[in-house]
Amino acid sequence: MSRTVIIEKAGGAEELKLVDLEVGEPGPGEIRIRHMACGLNFIDVYQRTGLYPLTYPHALGMEAAGVVEAVGEGVTHLKPGDRAAYAATPPGAYAEARVMPASQVCPLPDGISFEDAASIMLQGMTVEYLFHRVWPLEAGQTVLFHAAAGGVGLLACQWARSEGITLIGTAGTNEKCKLAVENGASACINYRDQDFVSEVKSLTDGKGVDVVMDGVGKDTFERSLDCLKPLGMMMSFGNASGPVAPVSLLTLAAKGSLKLTRTTLFTFLADHARCQDMARHLFDKVESGAVKVNIGQRFPLDQVAEAHRALEGRQTTGSTILTL
């Protein structure tokens, strides 16, 4: 049996239930993994609330790290006893153990702890694809990154610094802004006290930035377009404040022939070889010291509802994990 967090209908954090489930044996292309730590991310909130619909009942959680217990037919990149980590579909990582598809599960180097791995797989590979797969950035370019003190944001600050990219962040408190700068942001704007559009223009001598990376959504989207220089790229990758309203293509033309994409990590992870390459790139960054893991909060699995409330309430910094 495995303690597993499920929901039986969409709703608030009170819908999260901890139950005992049979785990079973892996079939072809699957593994059974025993988790040592699980990650918490905003996509879990989207699924819990129904913004990203699920069939019910359904387990939640998209990333974890642990030890492979068994492998099914056809699995060659993992074997029983291997340390492994993943950010993968389908949801079900909030569990002591599970059977799941093996393709997006990645061998974990000995130099990275289970807790660190569980906290960076989804967020770290999100940063990897934003910087290298969507529209590869070059040293000397400038990025505006919203929510720069969150889990993805702090990794992005460090990643940008390691690549010679100037990152301007936004955050909701002076303390969070300070944290972003300490992690590599060249500047961070407190959006509650300052107009981030005018501040970005001031910081870039009126030119604007090459790229905006926005996981906030509704509250920041329109003004973010005004931060871009002509031919700039808007990367929308999340909806923490709600989904973005429909956009007129003529708006992109009028603001300087802008480019716009709405990306999702799991499109990039769907290809096995690319997924494994992204994970290795992330692990190399961590092992080299270029990216340091920042676990801001730890919650026991049976306090998952409290963890969700803290995340939704913008009360977290860095990454959040569930311990087992």
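A quick yes/no check of all residues on (1) closer than 27 Å to Pro109 by Cα; (2) among the β-branched types (Val, Ile, Thr); (3) modelled with pLDDT of 95 or more:
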position: Lys17; (1), (2), (3): no, no, yes
position: Pro26; (1), (2), (3): yes, no, yes
position: Gly39; (1), (2), (3): yes, no, yes
position: Phe42; (1), (2), (3): yes, no, no
position: His77; (1), (2), (3): yes, no, yes
position: Asp82; (1), (2), (3): yes, no, yes
**OP:** For segment 90-111, enumerate the residues that are out of contact with any Lys or Arg (no Cβ under 7 Å at 6 or more places or on another chain), within 15 Å of Met278 (Cβ to Cβ) and assigned to a loop (DSSP other than H, G, I, E, B).
**Re:** Ser103, Gln104, Pro109
**OP:** Quick one: count up the residues across segment 61-86 that are farther than 21 Å from Gly318 by Cβ and not in a strand (DSSP E or B).
**Re:** 11
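What strands (runs of 3 or more DSSP E), lying completely within segment 217-324, carry at least 3 residues that are under 14 Å from the mean Cα position of the chain (by Cα) and on the phi < 0 side of the Ramachandran plot? Give the derivation first.
Working: elements: 228-236, 259-262, 295-300, 319-323.
Answer list for segment 217-324: 319-323.
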**OP:** Give the residue, chosen from Ala148, Ala156, Ala180, that is part of a loop (DSSP other than H, G, I, E, B) and closer than 20 Å to Gly296 by Cα.
**Re:** Ala148
Subject >> Members of segment 159-177 found to be part of a helix (DSSP H, G or I) and either more than 20 Å from the chain's Cα centre (by Cα) or surrounded by fewer than 24 Cβ atoms within 10 Å (Cβ to Cβ) (or both), listed by number >> reply: Arg161, Ser162, Glu163, Asn174, Glu175, Lys176, Cys177
Subject >> Gly215 being touching a Lys or Arg at 6+ places or on another chain (Cβ under 9 Å), among the small types (Gly, Ala, Ser) and either modelled with pLDDT of 95 or more or within 13 Å of Ala148 (Cβ to Cβ) (or both) >> reply: no
Original post:
When His77 is evaluated against the numbered criteria (1) of a type outside the set (S, T, N, Q); (2) surrounded by fewer than 24 Cβ atoms within 10 Å (Cβ to Cβ); (3) more than 30 Å from Tyr191 (Cα to Cα); (4) out of contact with any helix residue (DSSP H, G or I) (no Cβ under 8 Å at 6 or more places or on another chain), which criterion, by number, is the only one it fails?
Top reply: (4)
Subject >> The lone exception for Ala139 - which of (1) closer than 19 Å to Met235 by Cβ; (2) surrounded by 24 or more Cβ atoms within 10 Å (Cβ to Cβ) it fails >> reply: (2)
Subject >> Considering residues of segment 178-195 that are buried (at least 21 other Cβ atoms within 10 Å of the Cβ) and of a type in the set (A, V, I, L, M) only, the residue nearest to Arg223 (Cα to Cα) >> reply: Ile189
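The values are calculated or read from the model by the stated rules, or taken from the named source; none is laboratory data. Just so it is clear, the model here is predicted, and its values are computed rather than measured. Every residue, glycine as well, gets a Cβ built from its backbone with ideal geometry; the counts of neighbours run over all protein chains shown.
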